[in-house]
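Here the structure comes first, spelled out in structure tokens, and everything after it is commentary.
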Amino acid sequence: MLGLKLPTDPRWVNIVEKNIEEILTDHAYCEQKATSTAISLIVSFPEYTELVQEMTKLVKEEISHFKMVHDKIIDRGWILGRDRKDEYVLQLVTFFPKGGSRTTQLVHRLLYAALIEARSCERFKLLSEELEDKELADFYRSLMVSEANHYTMFLNFARQYGERQEVDKKWEELLVYEAEIMKGLSKNETIHG
């Protein structure tokens, strides 16, 4: 369903289990960044009314997810750690060349967002199935559905605003590129890395 070309190595969960505090901190910041992305799309492309409407809903949902993750951190007696660079996203967003028409820029941003959500969904599914901590496994199962919905929403918007065949070609090329990125990752207790 997600179209990912390279599934996460299940051994990644073993890395996560050794430092739950780190994965929760990273996850909290992923939710915060997803909120910022939705706000940025509103600010950058206000003329796309349907997109603005959906991004407004997404801002509320993503910030509520941030709070849910932050609450998990507090419940475990921890505090939110510092943000760190997301190597996955930093590498991913270099795929498309800068510039182009506003529509092209929008489509590229939507495709990046779709792929980030797809990878998050895949990771949450793995955590929901493999974590020994059943409370966290259930938590990730509940969030997995949201991530899948976000992935399809972003991809559908890209197809709506761009030329369908061109968008699908770019999507396939981005998926192949992302698989190459993933070969060098899955070694840290981060949602994408």
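The values are calculated or read from the model by the stated rules, or taken from the named source; none is laboratory data. Note that this is a predicted model, so its numbers are computed, not measured. For neighbour counting, all protein chains shown are included, and Cβ atoms are generated from backbone atoms with ideal geometry for every residue, glycine included.
The figures follow:
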item: Selection from the stretch 113-136 of residues that are farther than 14 Å from His27 by Cβ, without any contact (Cβ under 8 Å) to a residue 60 or more places away in the chain and in contact with a Leu (Cβ under 6 Å, 6 or more places away or on another chain); result: Ala114
item: Test for Ile79: is it more than 18 Å from Thr35 (Cα to Cα), not polar (S, T, N, Q) and not in a helix (DSSP H, G or I); result: yes
item: Only one of Glu21, Glu54 that is among the charged types (D, E, K, R), buried (at least 17 other Cβ atoms within 10 Å of the Cβ) and in a helix (DSSP H, G or I); result: Glu54
item: Among residues of the stretch 34-51, those that are crowded, with 17+ Cβ neighbours inside 10 Å and either in a helix (DSSP H, G or I) or free of Cβ contacts under 8 Å to residues at least 60 places away in the same chain (or both), counted; result: 7
item: Candidate set from the stretch 145-170 (those that are surrounded by 20 or more Cβ atoms within 10 Å (Cβ to Cβ) and under 22 Å from Asp86 (Cα atoms)); member that is farthest from the chain's Cα centre (by Cα); result: Leu155
item: Residue pairs meeting the criteria (Cβ under 7 Å; at least 6 apart or on separate chains; first closer than 19 Å to Leu155 by Cβ and at pLDDT 95 or above, in the stretch 95-107; second among the hydroxyl-bearing types (Ser, Thr, Tyr) and surrounded by 15 or more Cβ atoms within 10 Å (Cβ to Cβ)); result: Phe95/Tyr177; Thr103/Tyr161; Leu106/Tyr161; Val107/Tyr161
item: Residues (under 15 Å from the mean Cα position of the chain (by Cα) and either hydrophobic (A, V, I, L, M, F, W, C) or within 23 Å of Lys85 (Cβ to Cβ) (or both)) located in the stretch 42-68; result: Met55, Leu58, Val59, Glu62, Ile63, His65, Phe66
